[in-house]
Amino acid sequence: MMNETLTNMAESPDFCYPDIPFHAIVEQSLAGIYILQDECFQYVNVTFAEMLGYSPEEMTGLSLQALVPPDFLDNVLDRYHKRLRGDPPSMRFVSRGMHKDGHVVSIEVHGSRMTYRGRPAVVGVGIDVTERLQREEELRESRAQLQALTAHINTVREDQRAKIARDLHDVLGGMLTSMKMDVTRIVRRARTREMKEIASGLMQLTKETIDTVRKLSEELRPSVLDHLGLQVAIERELAAFSKRFGIDAVCESGGIKMILSSKQATWVYRIFQQALNNIASHSGATQVRVRLNFGETELDMEITDNGCGIDPLRSTIGSMGILSMRQRASELGGSLELGPGGNGGTKLELTVPLLGRTG
Ligand SMILES: Nc1ncnc2c1ncn2[C@@H]1O[C@H](COP(=O)(O)OP(=O)(O)OP(=O)(O)O)[C@@H](O)[C@H]1O
Ligand SMILES: [Mg+2]
């Protein structure tokens with residue numbers, strides 16, 4: 001609308017600008033300004049010329065062919081002729097220019113069709129966005145690297161947990177079982193009252209140690225996940241959670257159970273555990289509902305609590321739990337949403353595609 005008005009005003013022979021020193025404004029403008037006609041620069045201000053390492057005198061008269069990198073020339077010529085045809089009359093895009101010293105400069109231009117010396121031309125404004133684009137690219141790269149690093153840490157941590165869980169269970173568990181057998185013999189052979197007391201105390205301690213090792217091993221890597229699958233692992237963990245924290249918990253599941261890859265099952269289970277940790281630490285909830293649905297193409301998990309609700313601002317600052325949940329969801333090609341639960345609490349929704357598995 002604004003452009004149309006300017007074009008109409010500029011092309012109207014009756015229109016007289018008020019007494020404004022346009023020339024001085026254009027010459028001092030911090031944005032580059034140019035006029036293109038016959039595929040050549042008919043006018044450039046100092047700023048535009050300097051973007052490409054020229055003085056206005058040097059640059060005036062140079063063609064697009066001389067100033068645009070060859071691999072981008074067709075693009076620029078196409079846009080130039082489209083504007084001359086009025087299709088569309090005005091365009092904004094990031095163009096590329098060849099600096100006098102040979103490096104490529106990115107210039108965001110906004111050029112419109114106007115009449116110059118009685119013939120159609122493109123009059124435009126441009127700003128150098130080379131640095132901005134470089135910074136954006138660097139930011140994209142470092143985000144991608146950060147994601148790759150987080151994914152790597154998740155995998156390494158999971159592998160280490162599984163290894164320590166196995167060692168605890170097989171090695172330490174095996175040693176403790178042998179100890180228990182020996183202690184059983186000591187108990188049987190203890191003759192004095194004092195020896196009997198010591199031996200039965202030792203037996204009690206051995207049994208407790210075996211239990212502790214088993215628990216530690218399960219916490220590190222629930223064997224039920226490998227043997228009985230995700231749904232059973234979730235149901236058991238939820239029941240233990242309910243007992244530990246005195247929070248009512250229900251689990252509903254539906255659909256046809258699909259066999260998940262080890263990574264899919266583990267990652268979903270870790271997201272579930274992290275969500276339960278948050279409910280216990282932050283929500284003050286008295287009820288938790290978990291819904292697990294195996295669809296034909298995706299797995300959906302919904303965890304709702306009736307607690308205080310999540311503060312969207314606090315949930316994004318300096319916390320690793322939600323970040324790690326999102327990272328795991330994205331590694332599975334899925335999505336994770338956190339928001340109000342409808343009953344004042346919080347709802348977590350995880351969707352993981354089951355076709356074209358990731359791991
Ligand atoms: N179910 C919930 N109910 C209410 N608030 C929640 C819930 N889940 C998360 N939050 C809020 O979101 C914040 C971020 O959670 P997140 O798990 O990312 O970090 P954290 O639990 O504070 O720390 P950690 O890095 O140890 O997990 C929490 O501090 C809490 O304020
Ligand atoms: Mg947390």
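Please treat every number below as a calculation from the coordinates, not as lab data. Because the structure is a prediction, the values reported are computed rather than measured. Don't worry about glycine lacking a Cβ; one is built from the backbone with ideal geometry, like all the others, and counts go over all protein chains shown.
Give the calculated FRET efficiency between ILE259 and VAL187 to the nearest 0.05, with a Förster radius of 30 Å applied to their Cβ-Cβ distance. It comes to 0.05. Straight-distance candidates among the aspartates and glutamates for linking to LYS163, with alpha-carbon spacing under 20 Å and chain neighbours fewer than 8 residues away dropped: ASP211, GLU218, GLU219, ASP226. Peptide packing for 219-226, 83-90 was compared via the average number of neighbouring C-beta atoms within 10 Å per residue; ordered from the highest value, the list is 219-226, 83-90. Dimensions of segment 2-128 along the principal axes, based on C-alpha atoms and rounded to the nearest Å, stand at 45, 31, 22, largest first. Under Stokes-Einstein, with the Kirkwood radius over Cα pairs as Rh, the value for the chain at 10 °C and 1.306 mPa s is 58 µm²/s.
Per-residue packing, averaged as other Cβ atoms within 10 Å, sorts the ranges 256-267, 34-45 into the order 34-45, 256-267, beginning with the highest. Candidate cross-link partners of LYS196 among the lysines, defined by an alpha-carbon separation under 18 Å and a same-chain spacing of 8 or more, comprise LYS180, LYS207.
Using the Cα atoms as the points, what is the convex hull volume per residue of segment 189-244 in Å³? If you can, show how the numbers build up before the last one.
Numbers: hull volume 5.7 nm³, N = 56.
Roughly 102 Å³ of hull volume per residue.
For segment 70-186, what is the Kirkwood estimate of the hydrodynamic radius, computed as the reciprocal of the mean inverse distance between distinct Cα atoms, to one decimal in Å? Spell out each step's value before the answer.
Working: mean 1/r = 0.0491 Å⁻¹.
Computed over Cα pairs of segment 70-186, the Kirkwood hydrodynamic radius comes out at 20.4 Å.
Hey, with R₀ at 51 Å, roughly what FRET efficiency would ASP38 and LEU146 work out to, going by the Cβ-Cβ distance, to 0.05? That pair, ASP38 with LEU146, gives E of 0.55. D by Stokes-Einstein for segment 233-323, Kirkwood Rh over Cα pairs, 20 °C, 1.002 mPa s: 152 µm²/s.
Set against the 2.2 N^0.38 Å expectation for a compact globular protein, segment 160-266 has a Cα radius of gyration ratio of 1.47.
Rounded to two decimals, the Cα-based Rg/Rh of segment 148-220, with Kirkwood Rh, is 1.27.
Considering only GLU252, GLU27, GLU136, give the residue with the highest GNM mean-square fluctuation for the chain, with springs between Cα atoms whenever their separation is below 10 Å. Among GLU252, GLU27, GLU136, the largest mean-square fluctuation in the Gaussian network model of the chain belongs to GLU27. Of ALA249, ALA24, ALA280, the residue with the greatest mean-square motion in the GNM of the chain, using alpha carbon springs below 10 Å, is ALA24.
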